[in-house]
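To start, the structure itself, in structure tokens.
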Amino acid sequence: RLAYPLAQRLGAPVVEIDDIVEAVQAMTTPDQQPVLHHWTTHPEDADLPVERVVELQLAICAAVRPAVEAVIANHLRTRVPVVIEGDYLLPALAAQRTFAGVEARPGEVRAAFVRESDVDQLVRNYQDREPEDGPQPHRARVSAHYGDALALRATALGLPVIDARPWPTAGERLAAGLA
């Protein structure tokens, strides 16, 4: 909900990392990319302890990293700006200066991480977005823990972390964090 207004403000398109994951999954098999296909081949693992689900999610992020890096490199080569959004983006990738052999000029690649740490708010968010699935407290706890893990990594790399709340000012705070 923040990426699209930011992209409009910058006059840039949005690339959703979820779409990159879907494309790579469509072009590979679970035998070729078992980590990327983990949730479809092991859906029961979503009920594992929070820490283990977060570990699995981070492994998927690492597996999709080359594809995301290639997209960034393409936009750097063509000098076409883009806003890339999604929770598969690892802070270490966002902090790089070279992507698939293409060097970014200072300030050309910027990143900020938005997190929602309030589990009750995350439960409400999932309920609003996916009412047919009912309340999802475990998934909300996973999301909060995952967001905190990414925030720690981002902070260690000097990347801004933006709290989602208060929501009315989140877009302004995101823009300021990227400036």
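The values are calculated or read from the model by the stated rules, or taken from the named source; none is laboratory data. Given the structure is predicted, the values throughout are model-derived calculations rather than measurements. Cβ: placed from backbone, ideal geometry, glycine included. Neighbour counts: every protein chain shown. SASA here: full protein model, heavy atoms, side chains in, ligands and nucleic acids out. Shrake-Rupley method; radii C 1.70, N 1.55, O 1.52, S 1.80 Å.
Per-structure values
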| item | result |
| --- | --- |
| Phi-based couplings in Hz for the range 125-137 (Karplus 6.51, -1.76, 1.60; Gly and Pro marked x) | 4, 5, 4, 5, 7, 9, x, 5, 8, x, x, 10, x |
| Within the chain, helix-based [θ] at 222 nm, where runs of 4 or more DSSP H residues each add -39,500 (n - 2.57), nearest 500 | -16500 deg cm²/dmol |
| For Glu16, net neighbour charge (Lys/Arg +1, Asp/Glu -1) across residues whose Cβ lies under 10 Å away | -4 |
| Value of relative contact order over the range 1-153, rounded to a whole percent, pairs C-alpha under 8 Å and six or more apart | 25 |
| Sequence-distant residues sharing a close amide H with Val15 (under 5 Å, placed H) | Val83, Ile84, Glu85 |
| Amide H contacts of Ile162 (H built 1.01 Å from N, under 5 Å, at least 5 apart or other chain) | Phe113, Val114, Arg115 |
| Computed E for Trp167/Glu55 - FRET, C-beta separation, R0 25 angstrom, nearest 0.05 | 0.25 |
| Portion, in percent, of the accessible area of the chain that falls on carbon or sulfur, probe 1.4 Å | 55 |
| Under-5 Å amide H pairs with Phe99, H placed in peptide plane, nonlocal only | Ala104 |
| Accessible surface, 1.4 Å probe, highest first, among residues His75, His145 | His145, His75 |
| Fraction of beta bridges assigned by DSSP in the chain that are antiparallel (%, nearest 5) | 25 |
| Cα-derived Rg over Rh, computed across the range 30-179 with Rh taken as Kirkwood radius | 0.99 |
